[in-house]
1. Need one number: nm distance between label points at ASN179 and TYR157, each 7 Å from Cα along Cα→Cβ, rounded to one decimal.
2. If Lys and Arg each add +1 and Asp and Glu each add -1, what is the summed charge of the other residues whose beta carbon sits under 11 Å from the beta carbon of LYS92?
3. What pairs from LYS55/LYS168; LYS36/LYS92; LYS66/LYS168; LYS37/LYS183; LYS37/LYS79 go past 23 Å between their alpha carbons?
4. Taking 0.36 nm per intervening residue step and subtracting the Cα-Cα distance, what contour gain separates LYS37 from SER194 on full extension?
5. What FRET efficiency comes out for ASP96 versus ASN22 if R0 is 45 angstrom and r is the Cβ-Cβ distance? Round to the nearest 0.05.
6. Once you have the Cα-Cα distance between LYS75 and LYS168, take 0.36 nm times their residue separation minus that, and quote the gain in nm to one decimal.
7. With +1 on each Lys and Arg Cβ and -1 on each Asp and Glu Cβ, and nothing else charged, work out how big the dipole of the range 7-216 is about its Cα centre, in Debye to the nearest 20.
8. Tell me, Kirkwood radius of the range 1-160 from alpha-carbon pair distances, in Å?
Amino acid sequence: MEIDFISSLHKATKRDYLARVNDKKYPKYKAAKLAKKWGFHYWDGSRKINYGGYKYIQGRWTQVIKKLSKFYKLKKDAKILDVGCGKGFFLKDLKDYNSSYEVHGVDISEYAIKNSHPDVKSSLKISNANKLKWKDNYFDLAVSFNTLHNLHNYDLYKSLTEIERVAKNKYICIESYKNEIQKMNFSAFTKTSSNVSVNAGRLPPVPGVREITLNDIEVGDKIG
């Protein structure tokens, strides 16, 4: 089932896809090599490599959180896991929305955890998604925003299986494409994708995972 909670955040940023591929200082192959170390260059280095400074913006996730809380009927003391939590900004806004939520986050980036928001830092762990430490159905909700395309195919199914195992409800957002122009944009835009992007019309079924947003890459002005 396709449920869209975050397109408004995605579409708030304008992108020049071809410029990222053909940049003279950081062409895509060079930027990708730096970005895939998941360290300073990925988060806080040049915008030509990746984020260009991943800073906390208070309340950025609040509208998404309200929709998730309502849709999944989260109780006051709900347990929530963010897979690929980065610096924990979603979880920070989550705790601000409801301080009684029990929040946890995992990410493979030691740099991100070290530089995470201090209010949730103690709730974040360096961990691969393919082996989560929690018991079955521990969480009321597990979320993952634009993370799973970074996994190699041999890790992808394991990670989906683990997310399914530890949470009663799952919300997974992935980047995708519906046509050749969007496919080209995805290829130009992403620096860290390790598996093939999903064609929105042919999403393979994943047992137990029902809520998947096909967060389509916008059509770049300079392509097509």
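1. With each label point 7 Å from Cα toward Cβ, the separation is 3.4 nm.
2. Working: positive: ARG60, LYS87, LYS95, LYS121; negative: ASP82, ASP93, ASP96, ASP119.
Computed value for this residue: 0.
3. Listed pairs above 23 Å: LYS55/LYS168; LYS36/LYS92; LYS37/LYS183; LYS37/LYS79.
4. Values: separation 157, 0.36 × 157 = 56.52 nm, distance 1.31 nm.
The span from LYS37 to SER194 would gain 55.2 nm if fully extended.
5. Working: r = 40 Å, r/R0 = 0.90.
Result of the calculation: an efficiency of 0.65.
6. On the way: separation 93, 0.36 × 93 = 33.48 nm, distance 1.31 nm.
Result: 32.2 nm gained on full extension.
7. Details: 40 positive and 20 negative charges, 88 e Å.
In debye, rounded to 20, the range 7-216 gives about 420.
8. Values: mean 1/r = 0.0591 Å⁻¹.
For the range 1-160, inverting the mean 1/r across all distinct Cα pairs yields 16.9 Å.
FYI, it's all coordinate maths here, none of it is from the lab. Please read these numbers as outputs of a predicted model, since none were measured by experiment. Ideal geometry is used to build each Cβ from the backbone, glycine not excepted, and the neighbour counts take in all protein chains shown.
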